[in-house]
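Novice: The structure under discussion is supplied below as structure tokens; questions concerning it will follow.
The values are calculated or read from the model by the stated rules, or taken from the named source; none is laboratory data. As the structure is a computational prediction, the values presented were derived from the model and not from experiment. We place every Cβ from the backbone using ideal geometry, glycine too, and count neighbours over all the protein chains shown. Each accessible area value is taken on the protein alone, full model and side chains, heavy atoms only, with ligands, DNA and RNA left out. Shrake-Rupley method; radii C 1.70, N 1.55, O 1.52, S 1.80 Å.
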Amino acid sequence: MVSHREVFRHNLFMITEQELHFLLRTRETSLLLRVNEIGKLVCDHYGALISESDIKSASFPNGMPPGRSTIYDEKLCSSLALSNITAEISTPLKGDYLNPSLVLSSAKGQVYDFVYVSHDIREPQKIEGLPTPRGAEEELVIRLADKAMEVEVELHYFVYEDCDVIGKNMVVINHGETSVELIKAMSSQFCLIDNDYVLVANFGNWAGEFSHCETPIGHFKYSFGSDTGSSGDYHNPF
């Protein structure tokens, strides 16, 4: 016999879509994505658990862009510039001044502009020839495309409810006949709206692994990693 609480718990762990708002929920956390007025995929919330009834109220308002910004498309929205959105993917040379997560180049040029095309909520599928995330019950695939450049990007999201983890990976597909050089492709980009955060990292050495370091995040660029060519005791990649 299944209790009402067990039914509610099972229904809570899912990926839902509501008017191009995508809510991904684990046991204790939620990720809320949205296709905005100009077709860009943005992050409105990541953190405490929210429900479907919170979707509209949790969506981040556009506000007015700084006076030096370039409006992306006045016909679609007169208050949106790429420089003032919390984008899930960023490309250079188009007015998006985030550190780009995807950089492409071809004989057609280097300016790529990816907008929403379609999405699927499905059972996770194996990635042929590559390691595949496993153990998730559902997968959200959001497709973005630059039709003029004939390139499509798939953003994949996996929910691991019991450990409060949302996995992400990106697939770049060239539908054209012109070769495309993949200069940079990051599996994830994450924009934080607030500024009261701390960067936690672990460094170390032989027999002295996992030395703990906490740094308040300011208006700077931070990087951490290892130059050894592999993960290890010098610096853990997470």
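Novice: Can you pull out the GluC sites (Glu not before Pro) in segment 140-193 that DSSP calls coil and that have at most 12 other Cβ atoms within 10 Å? Numbers along the way, then the final one.
Specialist: Details: sites: Glu150, Glu152, Glu154, Glu161, Glu177, Glu181; in loops: Glu150, Glu161, Glu177.
Here the GluC sites (Glu not before Pro) that fit, given the DSSP loop and packing criteria, are Glu177.
Novice: Given that just one value was derived from the coordinates, which of [x] 53, 52, 42; [y] 56, 44, 34; [z] 50, 42, 33 is Cα extents along the principal axes in Å?
Specialist: Only one option fits the structure, namely [x].
Novice: Between Ser179, Gly208, Ile166, whose Cα lies farthest towards the positive end of the dipole of segment 123-238 when Lys and Arg beta carbons carry +1 and Asp and Glu beta carbons carry -1, centred on the Cα centre?
Specialist: The residue sitting most towards the positive pole is Ser179.
Novice: Suppose a student asked you for the relative contact order of segment 51-152, using Cα pairs under 8 Å spaced at least 6 residues apart; what percent would you report?
Specialist: Contact order relative to length: 17 percent.
Novice: Please list, in chain and number order, the residues 5+ apart from His45 or on another chain whose amide H is under 5 Å from its amide H, with Hs placed from the backbone.
Specialist: Those qualifying (amide H under 5 Å, at least 5 residues apart or on another chain) are Leu32.
Novice: A further question follows. Between segment 170-209 and segment 115-137, what's the alpha-carbon centroid distance in Å?
Specialist: 18 Å
Novice: Next question. Can you give me the relative contact order of segment 105-238 as a percent, contacts being Cα pairs under 8 Å and 6 or more apart?
Specialist: Working: 215 pairs, mean separation 21.7, N = 134.
Once divided by the residue count of segment 105-238, the mean separation gives 16 percent.
Novice: Calculate, in nm to one decimal, what Cys163 and Lys56 gain on full extension: separation in residues at 0.36 nm each, minus their alpha carbon distance.
Specialist: Details: separation 107, 0.36 × 107 = 38.52 nm, distance 2.65 nm.
Going from the current span to full extension adds 35.9 nm.
Novice: Cα atoms only, segment 121-206: Rg and Dmax in Å?
Specialist: According to the Cα coordinates of segment 121-206, Rg and Dmax are 16.7, 52 Å.
Novice: Please compute the contact order of the chain in relative form: average sequence separation of alpha-carbon pairs under 8 Å and at least six residues apart, divided by the residue count, as a percent.
Specialist: On the way: 453 pairs, mean separation 32.9, N = 238.
Value for the chain: 14 percent.
Novice: Hey, another quick one. Residue by residue through segment 194-199, what is 3J(HN,Hα) from phi via Karplus (6.51 cos²θ - 1.76 cosθ + 1.60, θ = phi - 60°)? Round to whole Hz and write x for glycine and proline.
Specialist: Here the 3J(HN,Hα) series is 7, 10, 9, 10, 10, 8 Hz.
Novice: Less than 9 Å Cβ to Cβ from Val117, Lys/Arg counted +1 and Asp/Glu -1: what total charge do the surrounding residues give?
Specialist: Values: positive: Arg143, Lys147; negative: Glu152.
That sum, taken over residues with Cβ under 9 Å, equals +1.
Novice: Right, next: Per residue, how large is the accessible surface of segment 192-238? Use a 1.4 angstrom probe and give square angstrom. Let's see the in-between values first.
Specialist: Details: 3940 Å² over 47 residues.
Here the per-residue accessible area is 84 Å².
Novice: Right, here's the next one. Taking the Cα centre of segment 1-142 as the origin and placing charges on Cβ (Lys, Arg +1; Asp, Glu -1), which of Ala81, Gln125, Ala58 is farthest toward the positive end of the dipole?
Specialist: Most positive-ward Cα: Ala81.
Novice: Another question, then. Identify all lysines with a Cα-Cα distance to Lys221 below 24 Å; exclude those on the same chain that are fewer than 8 residues away in sequence.
Specialist: Cα-Cα hits under 24 Å: Lys94, Lys168, Lys184.
Novice: A further question follows. What FRET efficiency comes out for Ile173 versus His212 if R0 is 35 angstrom and r is the Cβ-Cβ distance? Round to the nearest 0.05. Let's see the in-between values first.
Specialist: Values: r = 41 Å, r/R0 = 1.17.
Efficiency computed from Cβ-Cβ geometry: 0.30.
Novice: Okay, next question. Under the Karplus relation 6.51 cos²θ - 1.76 cosθ + 1.60, θ = phi - 60°, what is the ordered set of whole-Hz ³J(HN,Hα) values for segment 62-76, x standing for Gly and Pro?
Specialist: 5, x, 10, x, x, x, 8, 6, 9, 5, 5, 7, 4, 5, 7
Novice: Let me ask something else about it. Are there GluC sites (Glu not before Pro) in segment 50-146 that DSSP puts in a loop and that have at most 10 other Cβ atoms within 10 Å, and which ones?
Specialist: Numbers: sites: Glu52, Glu74, Glu88, Glu128, Glu137, Glu138, Glu139; in loops: Glu74, Glu88, Glu128, Glu137, Glu138.
Sparse-neighbourhood loop GluC sites (Glu not before Pro): Glu74, Glu128.
Novice: Is any residue of segment 84-122 close enough, with backbone N under 17 Å, to a label point placed 7 angstrom from the Cα of Leu192 along the Cα-Cβ axis, and if so, which?
Specialist: Once the point is set 7 Å along Cα→Cβ of Leu192, 86-88, 98-99 turn out to lie under 17 Å by backbone N, inside segment 84-122.
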